[in-house]
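Undergrad: I have a structure here, written as structure tokens, and I will follow up with some questions on it.
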Amino acid sequence: MLSGMHHVAIICSDYGRSKHFYTEVLGLRVIAENYRAERDSYKLDLLLPDGTQIELFSFPEPPERPSQPEACGLRHISFRTESLQDSIRHLKQQDIEVEPVRIDPYTGASFTFFQDPDGLPLELYELKRP
């Protein structure tokens, strides 16, 4: 029935700041950018190398996230990386705080968390190589 993930939709509070974060800091490619005047809203379609997309929306005065990370609903977005240490180094060079690396007790994979400009929890996940 399902063949993969197509996209994740994110609502941001500051469109310019979030656009910079996802395109310049994380390096996602812009597919399309549209301003919807009737909603005073931008919709930015972004592409990851594996074909997965992120839809970045802006709306006037969106409500804040109730709590994190255990609020009901989306807990975090996880990005696969070939080199966790290289990715962490890149984020720190951009003044992005990164949590200490953890090891998944079930898979042995290394991972860590950081946040987007609105505090959305994002994960970097490096698969354990055989």
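Rule-based calculations on the coordinates, nothing more; no lab input. Bear in mind that the values here come from a model prediction, so they are computed numbers and not experimental data. Every residue, glycine as well, gets a Cβ built from its backbone with ideal geometry; the counts of neighbours run over all protein chains shown.
Undergrad: Can you tell me the relative contact order of segment 1-61? Whole percent, Cα pairs under 8 Å, sequence separation 6 or more.
TA: Details: 100 pairs, mean separation 24.4, N = 61.
The value is 40 percent.
Undergrad: Could you size up the charge dipole of the chain around its Cα centre, putting +1 on the beta carbon of Lys and Arg and -1 on that of Asp and Glu, and report it in debye to the nearest 20?
TA: Dipole size: approximately 320 debye.
Undergrad: Cut-off 10 angstrom, C-alpha nodes, Gaussian network model of the chain. Which of ILE103, ILE54, ILE11 fluctuates the most?
TA: Highest fluctuation of the listed residues: ILE103.
Undergrad: Pairing the Cα long axis of helix 84-93 with the longest principal axis of the chain, what angle in degrees results, from 0 to 90 and rounded to the nearest 10?
TA: 50 degrees
Undergrad: Can you give me the long-range amide H partners of VAL8? Hydrogens built in the peptide plane at 1.01 Å from N, cutoff under 5 Å, separation of 5 or more residues or another chain.
TA: GLN53, ILE54, GLU55
Undergrad: What fraction, in whole percent, of alpha-carbon pairs in segment 17-130 exceed 18 Å separation?
TA: The share of Cα pairs beyond 18 Å in segment 17-130 comes to 57 percent.
Undergrad: Now a separate question. Principal axes first, then extents: for the Cα atoms of segment 1-61, list largest minus smallest coordinate on each axis, whole Å, largest first.
TA: Over segment 1-61, Cα extents along the principal axes are 35, 29, 17 Å.
Undergrad: Can you find, among GLN85, SER58, PHE113, the residue farthest towards the positive end of the dipole of the chain? Put +1 on the C-beta of Lys and Arg, -1 on that of Asp and Glu.
TA: Checked the options; the winner is GLN85.
Undergrad: Give me the percent relative contact order of the chain, please, defined on Cα pairs under 8 angstrom at least 6 residues apart.
TA: For the chain, the relative contact order is 21 percent.
Undergrad: Please report, in debye to the nearest 20, how large the charge dipole of segment 1-57 is about its Cα centre when each Lys and Arg carries +1 at its beta carbon and each Asp and Glu carries -1 there.
TA: Details: 6 positive and 8 negative charges, 5 e Å.
Taking the Cα centre of segment 1-57 as origin, the dipole is about 20 debye.
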